[in-house]
Structure formats: C-alpha cells, structure tokens
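Colleague: Starting off with a structure, shown below.
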Amino acid sequence: MTDEEQPTDGEAVTARIERLHREEFGRIVAALARRFGDLGLAEEVTQDSFAEAVRRWPADGVPPHPPGWLATTARNRALDRVRRESTRDARHQEAHVLHGLPGDGARGSYGGSYGGTDDSALTSIPDERLRLLFTCCHPALAPATRVALTLRLLGGLTVPEIAAAFLVEERAMAQRITRAKQKIAAARIPYRVPSDAELPDRLGGVLATLYLVFNEGYLPRRGDEAVRTDLCAEAIRLTRVLRGLMPDEPEVMGLLALMLLTEARRSARVVDGRLVPLAEQDRSRWDADLVAEGHALVRECLRRHRAGLGHPGHHQLLAAVNAVHTDAPTAAETDWSQLRALYDQLYAVTPTPVVALNRALVVAELEGAGAGLGLVEGLAGTLDGYQPFHVARADLLRRLGRSDESREAYARAVAMTDNDAERDFLRARSEEA
Amino acid sequence: MTQYLLSVHGSVDAGEFGPYESHEQMMKAFEDTGRFNESLQERGHWVFAGGLMPAHTATVVDGTRDDVVVTDGPYLESKEHVGGFWVVEAKDLDEALALAAEGSRACRGAVEVRPFQSE
C-alpha cells in the first residue's frame, strides 16, 4: 500500500496502524527521549499519538505521511506537556543537559543532534534507536528489567502483553518498568552509544538481552505452549533493526543468523503440540528462506574472518553450529567433526560447563555414547541444577541400554521443567529406555 | 552534574584488622584509598568522604513517637555494615560507576552507588 491510497475500510486502517506501531514506536520514543531527555514523557506521548491515530484515522482517513504525522503529534503533545508543567524551567534545564551531550563518547555517525522544530526535520527523524537500546540494556539494570524495557520502549509492546509473555502479574511488570525508568532518570544512566573501548562489553549486554527475549519465546520455561512465537518474532525484528544500525558488527550478524536458523526449524520442532528432537525432524518442514538467509549471514561472517578481521565471537560460533545442522539433508549426514571443531573454538571463547556439555554430545556422535557419557559425568558437579544436563545424561544412558539409570535421570529432568510439551516428550522417551 | 553516594560495604567488625587479612594489607588499603581521595580532588569529583568506626559503636535514636527511644548498636542486625563512604560529583552513572570501581579496588570493599535527589 502506498501513502497516497486512503483505505476507507476500518479494518485496513487498524491493520495499517498496527504495522506502523511495530515499525515506528521505538523510533519515535528514541527521537523524543533524545530531544526532551525524559524517557517516561517520550513513552507516554508516543502512546498518546497512536491512540489519537486510532481515534481519528478511520473517520478522517490516513494522512499523507503517517510516520511524520505520528512523530509530529507525539512531539506537539510533549511540548504541550512541558509548557504546562509548573516545573517547566527545571525540566527544560534537565532536557538541556541530556541533550547537550552529543559528543561525549558517542560514535560520530550516531551523534547527530535532533535540532529544529520544523516538520521537515520530523519527517526524516534521525534514528536514535541505538542509543535507546544501549540505555535499556545498561549493565546497571537487571537482565529481566533490560528485557522488559527493551520490549516496551523499542518494541512498543504494552505492559499487559509483556506481563503475559513472561507469565508475570501485570502489576508487578508495570512496577518493574516504572522503577527502571525512575532509575534511568535519577541515577542518570546516559543516553548514548558507548565509546569504542566500551563497545564490545556493552554490545554483549544488548545481544544477550535480545537472545533472552528469543529464548523465552523458543524455550518457554513454563506454560502449555511449546513456543511463544510472538516473542521470537519480536526478538528477530529488533535484531534486524540492530543489524541495520550497526551493519559492520559481526556478532550482531551472528546473533541474527543464530535466531533465523533456530526459527527456521520451529514448525518441524513442534508438531501437534509435541516436541520432535533435531535428529527426528522432518527437514522438508524447515523454512527454506530463513535457512538461506541464515547461511548467507554465516558465510559473510566467515569471509570477514578469512580476511583477518578478528576472531569469531560466541554468537557467530553458535550460528555456525546451527548452519552445520541445517546444512545436512538428513540427520545421518551431519558433519559431526566440523561441529566438534566449532565447539572447541566456542569453548576457547566461552569456557562454560554448558558449552562443554554440548561438546560432549557431539563427541557421543563421533566416538559413541560411552565416550560422550564419560565427559557428561565429569560435569555432574557444576551442572546438577541445569535441566538439559539431566536430559543429555538420560539420553546417553538410554542409548547404552542402562535403563534404570536412564529412567531415573529422565525423572529428574521432568521434575525440573514446567513446560508441558517438554514434559510429555521426556516421559515418552523414558518409557522407551 | 549529579551527586552520588559511594558507600563501602564490608564485615567491618570481622577481626583484629577489620575486613583486612593482615596489618600490611590494611596499611596498603589505607594508602591506596588516600591516593584515590587525592585523585578525586584533582579531577574535581570530590564532595566529601569519611571512614566510620565499627558498627558496634553505633546508637539508634527513634524519635517518631512521643518518647524518644535510644537503642545500642546499628539499625540493622547484619554481618556487614557501611564502613565508609564518598560523596562524588559525576556527569552520569557511567562516570560514577567508573569512580566506584577505582574506589573499590583501593579500599578493597564492594561499593554501592546511589544518586542523591537533585532538587
């Protein structure tokens, strides 16, 4: 649909506003936060602006340039609010302080200030979403808070939607978000993209937040749904935005590839509410477009490393692992020695027991379940509280014909999950042991 | 500029040398903290700072009711108490956190960073 077309049908207008909400909400909040130095204000007036569109567009028609209309309406409301407030001067001054720091540590290309009050500036809003993302994912905020703030301010999800996605009470989620905004304002968490020196660390926090959103959608810890697609879709959408804003960061590419290659398998992974393990999935059900896009990104990462541009990071290596899996036409044709090499590299970058566990499962494919089990048992001390450890151990014991021990391990794994689909799957497996 | 309270938390009443393992360590921490204080002043972050006597020397006074109640000891029963603090000026939380990291290394204790009300 082009901007000139005026949908008269109410449903079409609603759908249009919903799409604009996904695409423009974060951009408008970010621009206004930069201009007024007040996240709470930016969020509220952006929300108001969309509410106004819902009220007026069905009758008045969609304006010629909808994103500009939404941004202008939000900005005018913010100006009204600032003028009305009795603490006007204080607020102006505060806005000025935040606004007046374009140079400090910000990377030049993102440091452009949002000056001017004319509408031409509004129709080409500079993209301030990167600043907003780094603010929402600041290390002084707890990981769960970063996730909630990112979904609210950049994703435009409502508080009830976020509360429902994380199975948290609405009031508790509202409080978490309000308190976070309070902390950002009171403690002066800066609204800027970190300097090059801080960037690797801080970018890690942003990527971890986006991956948490994705994983909560892909592997919900609780509930009767095996997958919560809305969260996966939102995580991918935000990672695409980040990729657009930081096109040269290979770890961003890696994370996007990792998500795409995981998402590609979704409809084969859950069939009629049942979980199907990777080895047994019907590979023709994988989304070929997502696989192709993911593979292209992994190849782009590889090209950079061959050209001597640094070593692959955590997300790129995980993406490469998924590329190997999705490259095999059948499970039997999986290139396990390639996977072992990747896990060796991954362990060098991230020497955690979880990586060691996954590497052990690859060894089990190459050298037999016994060899794998030996490595897995060595992790019992550190991973006893980690549910996938018990799943892996149970599976290897089952393959070795050690039925009693296997069933015991499955029982522990079942007791440690609240996801119904996974529980059913593990119970069925246990009966086969 | 915002003012932040940087408070040092530790088991101040732990042993002969407070939270430190030996006399030498204690002296080294004092020396490093002194140097950190000087550098705060040189860089214009310094507002105020001080070390506190052990928590068992504290007294709680509650004047919220008709009779003023005086109690021996710190307000919270805890193994860890505030042992000292800085009040610093910084342009934002990132700068305050960086100062706190320097202070923590110098005094060998975890530091809590908390903004003051601005008005």
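The values are calculated or read from the model by the stated rules, or taken from the named source; none is laboratory data. Here the structure is a predicted model, which means the values were calculated and not measured. Because the Cβ atoms are built from the backbone with ideal geometry, glycine has one as well, and the counts that use them run over all protein chains shown.
Colleague: Take the conditions surrounded by 17 or more Cβ atoms within 10 Å (Cβ to Cβ), away from chain B (no Cβ under 14 Å), out of contact with any Lys or Arg (no Cβ under 8 Å at 6 or more places or on another chain) and charged (D, E, K, R) and apply them to residue A:171. Does it pass? It would help to see each step written out before you state the result.
Modeller: Details: surrounded by 17 or more Cβ atoms within 10 Å (Cβ to Cβ): no; away from chain B (no Cβ under 14 Å): yes; out of contact with any Lys or Arg (no Cβ under 8 Å at 6 or more places or on another chain): yes; charged (D, E, K, R): yes.
No; evaluated as a whole, the condition is false for this residue.
Colleague: Only one of (1) surrounded by fewer than 14 Cβ atoms within 10 Å (Cβ to Cβ); (2) at pLDDT 85 or above; (3) away from chain B (no Cβ under 14 Å) fails for residue A:176. Which number is that?
Modeller: Looking at each condition in turn, residue A:176 falls short on (1).
Colleague: May I ask you to list the residues in the stretch A:22-50 that are out of contact with any Leu (no Cβ under 9 Å at 6 or more places or on another chain) and under 23 Å from residue A:176 (Cβ atoms)?
Modeller: Within the stretch A:22-50, A:22, A:40, A:44, A:47, A:48 meet the criteria.
Colleague: Return the residue satisfying two criteria in turn: it lies in the stretch A:156-167 and is farther than 18 Å from residue A:44 by Cα and surrounded by 15 or more Cβ atoms within 10 Å (Cβ to Cβ), and of such residues it is farthest from the other protein chains (Cβ to nearest Cβ). Walk me through it before giving the result.
Modeller: The initial filter retains those residues of the stretch A:156-167 that are farther than 18 Å from residue A:44 by Cα, namely A:163-167.
Next cut, surrounded by 15 or more Cβ atoms within 10 Å (Cβ to Cβ) only: A:163-166.
Numbers: A:163: 27, A:164: 31, A:165: 28, A:166: 26 Å.
Applying the filter and picking the extreme gives A:164.
Colleague: Name every residue in the stretch A:354-370 that is farther than 17 Å from residue A:406 by Cβ and loosely packed, with under 15 Cβ neighbours inside 10 Å, in order of residue number.
Modeller: Passing the criteria: A:354, A:366, A:367.
Colleague: What's the total number of residues in the stretch B:32-55 that are within 12 Å of the chain's Cα centre (by Cα), small (Gly, Ala, Ser) and closer than 16 Å to residue B:89 by Cβ?
Modeller: Residues that pass the stated criteria total 1.
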